[in-house]
Structure formats: C-alpha cells, structure tokens
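The values are calculated or read from the model by the stated rules, or taken from the named source; none is laboratory data. Keep in mind it's a predicted model, so treat the numbers as computed, not measured. FYI the Cβ positions are ideal-geometry reconstructions off the backbone, even for glycines, and counts take in every protein chain you see. These accessible areas exclude ligands, DNA and RNA; they are computed on the full protein's heavy atoms, side chains included. Shrake-Rupley method; radii C 1.70, N 1.55, O 1.52, S 1.80 Å.
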Amino acid sequence: MNQEKSRVFLQIAVIIFILLVFFFFVSRNRANRPPVLSNEPEKKEIALRKTPVVLAIEKVMPSVVNLSTSKIVDRHYSPWQQKISSRFAMPAERRRDQGYSIGSGSIIDQAGLIVTSAHVVSRAAQIEVTLNNGVTFKARTLAEDIENDVALLQILALKRDFKTIQGIHPGDMMLGETTIAVGNPYGLDGTITVGVLSGIGRSLINDNKVIFSDLLQTDAAVFPGNSGGPLINLNGKMLGMNMAVRRDAPGIGFAIPLLRIENILANWMLPERMNSARLGIVPGIKSDGTIFIRKIFPGSPAEGTELKEGQQILRFNGWNPHGNLLELSRRLWRIRAGETVTIKVGEISNPIRIRLVEIPAMDGALLAKFKLQLGIENLTPTAAKALNYPYDSGVVVTDLPATLSGLGISRGDLLVKLGQRMVHSLDDVAQVLQDSDYLSHIPAYFLSVVHSGNGRTVLREHRIMFNLR
C-alpha cells in the first residue's frame, strides 16, 4: 500500500517538475523576444504634444469654412472697396478643383449662418461653402455692410446642426497674448498661423478720413484668402475677423474686432428679417459688455410697451445676455410669430411680456411699384441662362422712370441689394419695403450685365438712393 502511494507521489512530482521546466523556458523566450513596436504614439507623448495652440485649433476648425465660387465677375468696386483694395492684398485664387477660392468664413449659428468679409463675396456669382471635413454646400448672401466690410451668408442645407464658433467677452484681450489666424490662403484649406496681439484700436486712414478706428493688429501671418476667417485666442474664442495683410508690410495684419461685428449682425439676425415675425427691437452691445436696446421699430409690438431705446437688457426669457450679443441674436432670430418673450430692463422692476405678430405677406413687385416707382420681376433660372447672366436667380428690372434711365439704370439690370439686404427674389424686396415705413429714403444697388467680346462678363454697379413714397 505504501509502495503504491509512493509511486503516485513520484508521478505527481515528475509532472510538476516537467510543468515548471516548460513554464521556465516559455517565460525565458518571451523575455528574449524583441518588443513589438506600436504604430500609435504613447498617450503621454500625445498629451505632451497637445499644446494650447493645438487644443484651440481642434476646437475651432469645424466652424471655419472655405468660400469658393465657380464664377468670378469683373465688378466695378464702390469707392470704399477701391480704397481698401489699394491698401490690402485681397485677390481671388484660381483652383482646379473648386473654381476660385475667394476667402474664409466662420459659422456663427447651428442653422448654417456664416459671417465673412463683404469684399470676399462681392465678386462671387455663386458661393460654395466647404467645411473642414471636405463636405461642400451652396450658400447665399443674406446681407452685407460694405462700409464695415461684413457680410452674412446662409448655407443652403436642410436641418443640419453645424458647429458654431464662440466669441470673447468684449474687451477680454491682452496685448502680447497668442493669436491664431485661421483661414484658406491661396486656396490651401485649413491653414493656421500663430503670432501675438500686437495692437488694439488701430486706425485705418485713407485720404485723411478715418475708415476704421478699432482694428486689431497681429503679427500672425495673414495672407489673401484669410480674409473673413477668424482671429482666435488660446481658448479657441473669436477675437475678430481677419481683414487682410498690408501690401507694404506683410508682417502687419489687421482684424475687425468682434464687438463691431456683433453690433452689425444684430441688425440682421432679427425675427423681422428671418421669420416674418415682428417684435421691433434691435439690441446692441457696449465695450463693457452691457446689452442695451439700440432701436425700437415704430409701429411694432415693442413700441406699445414701456421699453425705450437705450435701456439696459438684464434678462431675455430669463437668461442673462451680458457680454454675449451674438448669443442673444441667435435666440432672437429664431422666435416665431405668436410666441411671447419676456424682457427685463434696468429701469423697470417687472419683466415686460411681448407677443410677436406675423408680418403679412405682400407682393414685392407691387410694393416696388408703389414705393420706388420701379417695375421688377423674378429672374428665372431659364431666363438667366438664356440671357447668359452669371446668376441663377434674382430680380430683374422690367420698367423704370426716365429719371433712373438718366442715372444709368436700364431694363434687364439686376436689383441685387436693397438697404443692407441682398435681393434674391421678390420676397426679399417685400420684406425690406414692409419695414421701411419709418424711413424717408433707402439705397438700392443695381448691376448692369455687359458681355465683352472675349467671353468675360462685366458687372457695372450703380447705387441709387430712393426717396420712399
């Protein structure tokens, strides 16, 4: 019996010994085996390389777009544009894949609203927007302010949630802080340059006249094609909009400050302009971040309340808008007719409730005939192609008084802008003229289409000031 037990224990011991020898050689081979090299960088290395500049770029790039067109027109610049173009380098660059790369822009609203420079889109017959991921959409210009060189575009896409850029609080800038210029110089998508904020409140003077007195100066390299793109800080927030580089000083770039841009956009991002709903308030922002009522439209629901121009807005629908006019504009333009808003101002203890009313649809052609003595009709794509116009649609002049003929306007000319609103159809004309009751006059911009012998299309711009009836 004991011999049997000894034999079993011996067998078990032999098996354990063999296993130990096996595991010894396996572990030895693994230790001597060369390490497998990973193609992926170590997490610590990636964290070390992700500088504040890299993080800022990752944050902002989805909201920066390239603007291009397949048709560049030889448009006669206004006197202001001629002054600017003589000081800054702002050409359109030819690209094989996307026609002409004309500049850059920043998405400021999830619905696809884009802010860019007015001079960027002034020569584009058709606008294409290319996102950072390469997806391309068509866009149209909603409004432009030539004097301030700001334009508002809208991406023509159905219900897409676009990534928006965020802005700084007014005055939240430090001389010498790192600045990053983002854009598409010479058609090179997604180009960034880094520098510092070299100056605040720079003036641009031409012919002894101050054109701008609040420009930002940076030594971050700004090239043609950067125009309309954002100048951001290390938090990825927008300080301003790149204007262009000085022709005589490539190391000096200028940007329009966000404070000016916000106040201009506030004139356009209104329910009256976007949704045919009347509220009657245009907000503004001061350099200290104070949001106030800049204008109240006569005959609007707001006029019938205790609200007055100049009052500080403390709350809008329970939200504090201090220092963020852009966000207030985002909220304003989305309001529809029939909805009610509450506004708390500093001079009145209780919030004021205002219900928006619908602006009735009217015929733009009839309004133009009555208020401007101008006959117009929609330009169809078929007619545009037959007449070899560079635009697919628009509004064409069909009848006009002799006084306009003497100013260079003819039948067949295009009405492209009324006030600051770009005209794409008779509906645009109707909306502008319906809101013009408090105005005594309004500027209109016409384009005469001339086809030259070498196949080029030349657009001659005429600015007419109409006295409203």
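A few points about this structure:
- Remark: the stretch 311-439 carries 48 Å² of accessible area per residue (probe radius 1.4 Å; ligands, DNA and RNA excluded).
- Electrostatic bookkeeping for G310 treats Lys and Arg as +1 and Asp and Glu as -1; over the other residues with beta carbon under 14 Å from its beta carbon, the sum is +1.
- Rounded to the nearest whole Hz, the Karplus-based 3J(HN,Hα) values (6.51 cos²θ - 1.76 cosθ + 1.60, θ = phi - 60°) of the stretch 161-168 follow the sequence 9, 7, 6, 9, 7, 10, x, 7, with x at glycine and proline.
- Reciprocal mean inverse distance between Cα atoms of the stretch 149-294 - Kirkwood radius, Å: 16.5
- Three-way shape label, the stretch 253-346, alpha-carbon gyration tensor, a/c 1.5: prolate
- Rounded D (µm²/s) - the stretch 217-295, Kirkwood Rh over Cα pairs, Stokes-Einstein at 37 °C, 0.692 mPa s: 227
- Of the accessible area of the stretch 272-352, computed with a 1.4 Å probe over protein heavy atoms only, carbon and sulfur atoms account for 44 percent.
- Most to least packed among 409-415, 117-123 [average Cβ atoms within 10 Å]: 117-123, 409-415
- DSSP-assigned coil residues among chymotrypsin sites (Phe, Trp or Tyr not before Pro) in the stretch 243-343, each with at most 15 further Cβ atoms within 10 Å: none
- Relative intensity, log₁₀ I(q)/I(0), of the stretch 311-419 from a Debye sum that treats every alpha carbon as a point, q = 0.11, 0.14, 0.21 Å⁻¹: -0.64, -0.76, -1.07
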